[in-house]
Amino acid sequence: MEKVLILLLISLAVAYAAPDPRGLIMNLDNGELCMNSVQCKSKCCHRTSGLSMARCSEKAPENSECSPKTLYGVYYKCPCEKGLTCEVDKTIVGSITNTNFGICHDIGRSKQ
């Protein structure tokens, strides 16, 4: 009975310990392995090829290559930073193969 009580107290102490703001599955920093963009602080899970490991990466700055947001959650080119738009000619094949690439532009600046 004492062993069970001690085990219960130890498990409660671990459960109430202060959590680390960086998670094991969510809230990942740049450079850490990911399976979906939702896991990353930057909201971009990037891979260089179909066989490479995906890692969290920064979003694309202005005038750089980008991908429009997709349902896959893993990108060959990251989506644009906040306030920018990825101007791309979308194709059906590109949507399936996740290869619709464009350039990040500031909509407000391009209208002027």
Considering only residues of region 53-112 that are under 25 Å from Leu24 (Cα atoms) and among the charged types (D, E, K, R), which is surrounded by the most Cβ atoms within 10 Å (Cβ to Cβ)? Lys77
Count - residues of region 61-97 that are closer than 19 Å to Ser49 by Cβ and under 15 Å from the mean Cα position of the chain (by Cα): 11
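Would you mind stating whether Met53 is part of a loop (DSSP other than H, G, I, E, B), in contact with a strand residue (DSSP E or B) (Cβ under 8 Å, 6 or more places away or on another chain) and among the aliphatic types (A, V, I, L, M)? Don't jump to the end; show me each part of the working.
Working: part of a loop (DSSP other than H, G, I, E, B): yes; in contact with a strand residue (DSSP E or B) (Cβ under 8 Å, 6 or more places away or on another chain): yes; among the aliphatic types (A, V, I, L, M): yes.
Yes, satisfied.
Among the residues of region 59-71, count how many are touching a strand residue (DSSP E or B) at 6+ places or on another chain (Cβ under 9 Å) and either aromatic (Phe, Trp, Tyr) or assigned to a loop (DSSP other than H, G, I, E, B) (or both).
Of all residues in region 59-71, those touching a strand residue (DSSP E or B) at 6+ places or on another chain (Cβ under 9 Å) come to 59-69.
Subsequent filtering for residues that are either aromatic (Phe, Trp, Tyr) or assigned to a loop (DSSP other than H, G, I, E, B) (or both) retains 59, 61-64, 67-69.
The total comes to 8.
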Among what's in region 37-48 and is open to solvent by 50 Å² or more (accessible area, probe 1.4 Å) and more than 15 Å from Lys69 (Cβ to Cβ), pick the residue that is nearest to the chain's Cα centre (by Cα). Lys41
Applying the selection to region 21-30, what residues are in contact with a strand residue (DSSP E or B) (Cβ under 6 Å, 6 or more places away or on another chain) and assigned to a loop (DSSP other than H, G, I, E, B)? Asn30
Mind listing just one residue for me: the one in region 84-99 that is touching a residue at least 24 places away in the same chain (Cβ under 8 Å) and touching a strand residue (DSSP E or B) at 6+ places or on another chain (Cβ under 9 Å) and, of those, farthest from Lys41 (Cα to Cα)? Asn98
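The values are calculated or read from the model by the stated rules, or taken from the named source; none is laboratory data. Small disclaimer: the values here were computed from a predicted structure and weren't measured. Because the Cβ atoms are built from the backbone with ideal geometry, glycine has one as well, and the counts that use them run over all protein chains shown. Side chains included, ligands, DNA and RNA excluded: accessible areas come from the protein's heavy atoms. Shrake-Rupley method; radii C 1.70, N 1.55, O 1.52, S 1.80 Å.
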